[in-house]
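Report on one structure; see the data block that follows.
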Amino acid sequence: MNENDDPEAKTVAAADGAVAAGGAAGADGAVGPAADGALVAPAPGPTRQLFWSALGVALGLLVIDQSTKWWAVDALADSKSIPVFGDFIRFWLVYNPGAAFSMGTGVTWIFTVFAGIAVVAIAWYAWRVRSTPWSYALGLLLGGATSHFGDRLFREPAFGRGHVVDFIDYSGFFVGNVADIGIFAGAVSIVVLSFRGIEATQVPVPAEAGSDPVETGSDGRSRD
């Protein structure tokens, strides 16, 4: 087939010409000037593989969190306490109607609404990411938020006003659960990724004017 009849070849040739002129091709084929002499590699479209990775992490955390909560409800009834690391960490059952540190105990339904909004927002952003580390971090946030949302919806005393099951006591300072650990780990991961300059949706690639754009994978690494 003649190269002139190949639409893909024409697109690549047009992008190469734009880069040679000192621009950067966008994901939609549009060309914009590169900032500070750096070529910003066009981010690929939303990848289902990364989204499914985030959902897999979220599902794993959800299953672990709910399983340990059911265990705690059964094993720690009647205010039973199980030492784990002396007095530093122990297991004992607490039903939390509010937020962290039992704040807002009289407005449980507000936390139910916030939890539902958080689940939708995190899932939407997870669909847009092009970075593998970001997909894992968002998966942790999504799993923890979904598990808490499930507690608010389906646990006692009533639908939409359920109390979150907490059972990991940190020296009496805070009582949490596995979902809290996942949310904390996800949040810390996002802070680290941000400080390292790893973006969720695009990866800046230094390049000299006139050179071809470097093809990158979803993790920002060159495929050469």
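Before moving on, here are some points about what is shown:
- Ranked packing of 75-81, 113-119, most packed first, by mean Cβ within 10 Å: 113-119, 75-81
- Prolate/oblate/rounded call for the range 58-185, Cα gyration tensor, a/c under 1.5 rounded: oblate
- Subtracting the Cα-Cα distance of residue 89 and residue 63 from their residue separation scaled by 0.36 nm leaves 7.1 nm.
- Cα gyration tensor category, rounded, prolate or oblate, for the range 126-181 with a/c compared to 1.5: oblate
- Cβ-derived FRET efficiency at R0 41 Å, residue 198 paired with residue 110, nearest 0.05: 0.75
- Estimated at 0.36 nm per residue, the fully extended path between residue 121 and residue 181 surpasses their Cα-Cα distance by 19.6 nm.
- Between residue 171 and residue 52, the simple spin-label model (points 7 angstrom out along Cα→Cβ) gives 4.5 nm.
- Whole-percent carbon and sulfur share, accessible surface of the range 59-101, 1.4 Å: 69
- Residue 90 sits among other residues whose Cβ lies under 13 Å from its own Cβ, and their net charge, with Lys and Arg +1 and Asp and Glu -1, is -2.
The values are calculated or read from the model by the stated rules, or taken from the named source; none is laboratory data. Keep in mind that what you see is a predicted model, and the values were worked out from it rather than measured. Neighbour counts are summed over all protein chains in view; Cβ atoms, including those assigned to glycine, are modelled from backbone coordinates with ideal geometry. Ligands, DNA and RNA are excluded from the accessible area calculation, which covers all protein heavy atoms including side chains. Shrake-Rupley method; radii C 1.70, N 1.55, O 1.52, S 1.80 Å.
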